[in-house]
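Visitor: Encoded as structure tokens, here's the structure I'll be asking about.
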Amino acid sequence: MTVLKTIRGAFDLRRPAARIAAVLAAMTLAACEPVGTGASGPQTGQAIDPSQPVPVALLVPGGNADLDWLARSLTNSARMAAADARGATIDLRVYNAGSEPGSAVASANQAVSEGAKIILGPLFADSANAVGNAMAPRGVNVLSFSNNTDIAGGNVFVLGNTFDNVADRLVKYGVRNGKRRILMVAEDDAAGQVGARAIERAIQRNGASLAGSAVHPVSKQGIDGIIPNVTAAALSGNVDAVFLTANQGAVLPYLTDRLADAGVTSASVQMMGLTRWDQPSARLQLRGVQGGWFAIPDTTMKAQFDQRYRAAHGETPHELGSLGYDGVAAIAALVRAGKRNALTTAGLTQNSGFAGIQGAFRLRRDGTNERALAVATVRGNQLVVLDPAPRSFGGFGF
């Protein structure tokens, strides 16, 4: 069996993803301003005096070149947010969490013993879960950079964009455009199956219907084996869209190419993807992605942030680096509003959310998040936005 060489997607963040003129201060400061009233509910987490410096522990990964780059990006971004936090004083303290749960827990315990009121990080899902368990008896909330919803809940929140966010945005857009009968194609690995469950939930929530599903091993032979049945179903007239998880980096080019060979493209049935079809940029040249739908963050603030970061630090930030800014800026905005409960569950889960570097987001009481995303496609090998990301949660939901 020929196994496809894969690049692990960002889903579980148990191990690193391989891809990876200054903005006006007022614009940056506004990136995570809260509006509206805070949520009510259990006050889990630490109370603070908003007139005093608030100790925030940032747990960054380490252990190889990519992780060190990400650690720099998270650290620099978080410090930028702390510097922008006029009206609130963030005492940011950076700790190396390594790449294993044990080192992350040791760093978290050290941070809280030294006065930290909240943990920002760590990156990997298993480490975040371990840190959450260790911090629960100490009454400290954890804002992890993971996007694995399996670890969310209690005192652990995930900041990363989740499969549920993406699936819900695309299915909702599809239903509005007459694409209700959805055929799902997923890998048989852990991330592919989590993605499949997210698609199924999105279908159920939005009044669409699952027209069938196909699960394939992450290999050329595994993909080849499902092509006939997928093709027959997709072209039967009983399917409006084919939704691919394609979480593993090598799957999308091979799978879409083989489907295109069989006549399955967006010209015959709408193709949809759970992952970014524009990254890396070489994907824009793939014939099988032309016309397909996928979700992307709001690019406006991200482009401005990247420009400011490069001017200050002489390198491009890691693609996940802006999560460091969002986490600190959200905390600072709540502190600046004079909220003693800023770091509690009630404070963090305000309904109005925040306008982050990659678009509006809010934390939910179950530890997951909602992010406003745009729907994009590829036309003539170019990225085209079909439906822009909403700028706030007013009249908008998932």
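Visitor: Would you check which residues across segment 162-186 are outside any helix (DSSP H, G or I) and either closer than 28 Å to Val218 by Cβ or among the charged types (D, E, K, R) (or both) and list them?
Guide: Correct list: Thr162, Lys179, Arg180, Arg181, Ile182, Leu183, Met184, Val185, Ala186.
Visitor: Going by the conditions given, is Ala333 under 16 Å from Ala234 (Cα atoms) and in contact with a Pro (Cβ under 9 Å, 6 or more places away or on another chain)?
Guide: Judged against the criteria, Ala333 is not a match.
Visitor: Filter segment 361-392 down to residues that are aliphatic (A, V, I, L, M), buried (at least 24 other Cβ atoms within 10 Å of the Cβ) and farther than 15 Å from Asp278 by Cα, then give me how many there are.
Guide: 2
Visitor: For segment 1-114, please list each of the helices (runs of 4 or more DSSP H) lying entirely inside it that holds at least 2 residues being within 19 Å of the chain's Cα centre (by Cα), assigned by TED's automatic domain parsing to the domain that holds Gly195 and at pLDDT 95 or above.
Guide: Counting at least 2 such residues, we get no helices (runs of 4 or more DSSP H) at all.
Visitor: If you go through segment 129-163 one residue at a time, how many are among the charged types (D, E, K, R) and either more than 30 Å from Asn206 (Cα to Cα) or crowded, with 23+ Cβ neighbours inside 10 Å (or both)? Quick ask: steps written out before the conclusion?
Guide: Quick first cut of segment 129-163, residues among the charged types (D, E, K, R) only: 138, 150.
With the extra rule that they be either more than 30 Å from Asn206 (Cα to Cα) or crowded, with 23+ Cβ neighbours inside 10 Å (or both), the set shrinks to 138.
Adding up the residues that qualify gives 1.
Visitor: Moving on. Which one of the conditions (1) out of contact with any Gly (no Cβ under 7 Å at 6 or more places or on another chain); (2) of a type in the set (A, V, I, L, M, F, W, C); (3) over 13 Å from Gly327 (Cα atoms) does Ala104 fail to meet, given that it meets all the rest?
Guide: The single condition Ala104 does not satisfy is (1).
The values are calculated or read from the model by the stated rules, or taken from the named source; none is laboratory data. The shown structure was predicted, so the numbers you read here are calculated from the model rather than taken from an experiment. With ideal geometry, Cβ positions are generated from the backbone for all residues, glycine too; neighbour counts draw on all protein chains shown.
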